[in-house]
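Read through the structure below, which is laid out as structure tokens, and then see the notes.
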Amino acid sequence: MITELTISNFRFIKKQKIKLGALNVLYGPTASGKSSLLYALMVFNKIITNPNQPIDNFFDLGFIDLGGLKECLYGKDEELAMEISYSTNSGEFGISLKKDKANTYLKYKNIKLTAEFSIPYKQTKIFETKIDLKTLKGKAYWNGFYVLGLSGSVEEEGQTGNLISKLNEIANTIKQVDIAPHNRGFFEAFYSHYLRYEVPHVLISDEEVASAIINQEDLVPKISKALEEIANKSFRIHPIQGIPLSRFLIQEKGSNQEILITNEGFGINQVVYMFAKLYLKDKKIILIEEPEIHLHPSIIRKLAKIMCKIVEEENKQIILTTHSEVFVSSLLSAIRRKDISHKKVKFYLVEKEKGDTIFKEQECDERGRIKGGLSSFMEGELEDLKAFFEI
């Protein structure tokens, strides 16, 4: 789990340090920069997955093209270095980008590994760092992304392998990130049984996500159960006899009629896509843009409850953006009911101040109360009241 994220010189973020919990909610006015946090993590993920490509390619995320490094630099100032780093319970990992050069660092206890290389990068360089621990004295060798080996005197058997695993576990955290972008859903009547992606890879297109659903056995029952809880509907895949294709079907509880997911309301369609992302085995950090899109308030309330359940039962970390007061209020109610501890949930009001994106943590207590109230939503309600009473 990522416990803290630091972003500098990315889009409209000059420098922000954001503490994260298991469930993180970003809300605020339109165009305030909420999604920038999500996109920064996805850029970092793409660099780590395949650094051997032109630097501007890292900013084409598949579901959105951010336009390249210059377009994403704060103030479009090419003299600045874009920096993204995160902390876990074990250590830190970060990257800095400037034109065609990158720097990375990896920290664990009093060990700090550093690297500098040109982009594109084939991961062929080996960087050495001196290690001076009580049980290990020697050198660490890494390529800027992963620790390849250690040398020196070891006092405890197995210490070398354990240390390599711990260091790489910190770096591998970013590979556990996945996203359910705003433009999500299923748009075809039939989907292939064959895997349409290579691991490691972030699944974006409906074909890729559909392949995961078809080939990961436990996804369908988990998706169907969650869908039944929020919408009283079930989900299943129907293989076409004789050919490697399947249809995705939705059935309302108590009805004998099944319909193609493409003929279902888009709110349910996008929720199935989102649940697939949330239940994927190899992804632990799920980013979601506006989970409430095209959903009735009654379903939004149940969806908030399901999010709490997934965090607790599936050991997932969720970071989401929302414009829905119903969603936020429902999470606060879940905290009050003890469905989830207030210590596991972080709320951030995201606003623009003099053109800069600012993340303001909103303190929540064990009774589900936000200190100072939900200010961004309250402002709109006050305007409505003024109009109603002709103030």
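So, of the residues in segment 109-121 that are outside any strand (DSSP E or B) and modelled with pLDDT under 95, which turns out to be surrounded by the most Cβ atoms within 10 Å (Cβ to Cβ)?
Our first condition is that a residue be outside any strand (DSSP E or B); within segment 109-121, this holds for 109-110, 119-121.
Filter once more, so that each one left must be modelled with pLDDT under 95: 109-110.
Numbers: K109: 11, N110: 8.
Filtering segment 109-121 for residues that are outside any strand (DSSP E or B) and modelled with pLDDT under 95, the one surrounded by the most Cβ atoms within 10 Å (Cβ to Cβ) comes out as K109.
Which residue out of I243, I214, I259 is crowded, with 18+ Cβ neighbours inside 10 Å and either of a type outside the set (G, A, S) or part of a strand (DSSP E or B) (or both)?
I214
Does I288 qualify as being part of a strand (DSSP E or B), within 21 Å of the chain's Cα centre (by Cα) and under 18 Å from A226 (Cα atoms)?
yes
Kindly list, by first and then second residue, each pair from a residue in segment 158-187 that is hydroxyl-bearing (S, T, Y) to a residue that is surrounded by fewer than 19 Cβ atoms within 10 Å (Cβ to Cβ), limited to pairs with Cβ atoms under 6 Å and residues at least 6 apart or on different chains.
Pairs found: T160/V154; T173/T88.
Out of (1) within 21 Å of the chain's Cα centre (by Cα); (2) outside the structural domain of N24 (by TED's automatic domain parsing); (3) buried (at least 19 other Cβ atoms within 10 Å of the Cβ), what's the single condition that is false for C308?
Just one mismatch for C308, condition (2).
I'd like to know if segment 69-80 contains one or more residues that are closer than 22 Å to V177 by Cα and touching a residue at least 40 places away in the same chain (Cβ under 8 Å).
The answer is yes; a qualifying residue exists.
Looking at segment 201-221, I want the residues that are more than 23 Å from N172 (Cβ to Cβ) and have a partner that is part of a helix (DSSP H, G or I) with Cβ atoms under 6 Å, at least 6 apart or on another chain. Which pairs are those?
Going by the 6 Å Cβ cut-off, the qualifying pairs are I213/L219; I213/A276.
Output the residues belonging to segment 328-361 that are outside any strand (DSSP E or B) and without any contact (Cβ under 8 Å) to a residue 40 or more places away in the chain.
Passing the criteria: S330, L332, S333, A334, I335, R336, R337, K338, D339, S341, H342, K354.
Do you know which residues across segment 122-142 are among the β-branched types (V, I, T), assigned to a strand (DSSP E or B) and modelled with pLDDT under 90?
Within segment 122-142, the first condition is being among the β-branched types (V, I, T), and the residues that meet it are 124, 126, 129, 131, 135.
Filter once more, keeping what is assigned to a strand (DSSP E or B): 129, 131.
Once the filter is applied, which keeps residues that are among the β-branched types (V, I, T), assigned to a strand (DSSP E or B) and modelled with pLDDT under 90, segment 122-142 yields only I131.
I'd like to verify a number: residues in segment 69-93 that are buried (at least 19 other Cβ atoms within 10 Å of the Cβ) and small (G, A, S), how many?
3
What are the pairs, 6+ residues apart or on separate chains, where a residue within segment 41-58 that is under 18 Å from S85 (Cα atoms) has its Cβ under 8 Å from a residue that is part of a helix (DSSP H, G or I) and of a type in the set (G, A, S)?
I48/A171
Considering only residues that are among the polar types (S, T, N, Q) and within 21 Å of N50 (Cα to Cα), look in segment 166-214 and name the one that is farthest from the chain's Cα centre (by Cα).
Here the answer is N168.
The values are calculated or read from the model by the stated rules, or taken from the named source; none is laboratory data. Note that the coordinates shown come from a computational prediction; the quantities given were computed from them, not determined experimentally. Neighbour counts run over all protein chains shown; Cβ positions are idealised from the backbone, glycine included.
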